[in-house]
Amino acid sequence: MPEQIAAWTAEHRNFEKLLIIMERELNLFHRGEQPNYGLMLDIVYYMTQYPDRFHHPKEDIAFERVLERESSASERVESLHRQHDMIARSGKALQAQLDSVMAGVMLPRSQMEQPAREYIDYFRHHIQLEERELFPLAQRVLGDGDWTAIDAQAPEGADPLFGGSLEDRYRTLHRQIANEVGCDCVAE
Ligand SMILES: [Fe+2]
């Protein structure tokens with residue numbers, strides 16, 4: 001497997017950990033208990049800062065190249081771009097909503113819970129689709145030269161949560177991941 005696909009797959013496992021934590025917070029919320037809004041905001045913020053800015057754009061670049069090799073993939077590639085767009089837009093909307101909750105705005109439960117649950121479901125489904133259909137396609141049609149070109153073209157950015165250096169903003173979230181769902185890291 002090309003190292004880029006292995007890296008994407010490993011990142012998906014990280015994103016799924018965040019979706020699990022977010023879902024647990026929503027379950028608290030659903031039962032009328034107090035969720036940790038700050039934690040939810042950190043998760044959504046991370047999604048807008050790393051997957052939306054680096055992981056998805058790199059996939060987009062790779063699949064444009066897939067399309068050059070295999071024109072019959074156009075519908076699947078179009079759909080991939082649309083999904084990335086949708087995740088970015090709904091992530092920003094969720095972030096704005098959580099920002100206002102943190103600032104003291106009271107929102108009806110359904111207005112908060114439903115978009116967050118939809119975001120989680122959509123993201124999970126998207127990951128499954130990539131791993132089941134799209135990554136095998138990329139593996140089949142792209143060669144070493146393609147991957148080198150993709151690396152050169154893709155925006156370069158460090159992962160501020162799961163990467164080598166943890167950004168201050170994510171310290172609480174990082175601890176939560178280590179305690180709740182496990183990470184390949186040392187709990188602080
Ligand atoms: Fe992905």
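Laboratory data are not the source of any read-out in this text; all were calculated from the coordinates shown. This structure is a prediction, so every number in the text was calculated from the model and none was measured. Here the Cβ positions follow ideal geometry from the backbone for every residue, glycine too, while neighbour counts run over all protein chains shown.
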How large is the dipole of the stretch 3-180 about the Cα centre if only Lys and Arg carry +1 and Asp and Glu carry -1, each at its Cβ, rounded to the nearest 20 debye? 580
Which residues in the stretch 41-55 have a backbone N closer than 20 Å to a point placed 7 Å from the Cα of D99 along the Cα-to-Cβ line? 41-54
Relative contact order computed over the stretch 81-188 (Cα-Cα under 8 Å; 6+ residues apart), in percent: 15
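Give, in whole angstrom and from largest to smallest, the semi-axes √(5λ) of the equivalent ellipsoid of the stretch 49-183, with λ running over the eigenvalues of the Cα gyration tensor. Spell out each step's value before the answer.
Numbers: eigenvalues 199, 76, 35 Å².
Three semi-axes, in Å: 32, 20, 13.
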May I ask you to list the trypsin sites (Lys or Arg not before Pro) in the stretch 1-92 that are in a DSSP loop and have at most 13 other Cβ atoms within 10 Å of their Cβ? R31
Once Rh for the stretch 1-96 is found with the Kirkwood sum over Cα pairs, what is the Stokes-Einstein diffusion coefficient at 10 °C and 1.306 mPa s, in µm²/s? 106
Which one, M112, P155, L18, is farthest towards the positive end of the dipole of the stretch 3-180 when Lys and Arg carry +1 and Asp and Glu -1 on their Cβ? M112
Candidates G163, G38, G91, ranked by Gaussian network fluctuation over the chain, Cα under 10 Å, top entry: G163
Looking only at the stretch 1-28, which residues have a backbone nitrogen under 20 Å from a spot 7 Å from the Cα of R109 in the C-beta direction? 22-28
List the relative contact order of the chain as a percent without decimals, with contacts defined as Cα pairs under 8 Å and 6+ residues apart. 35
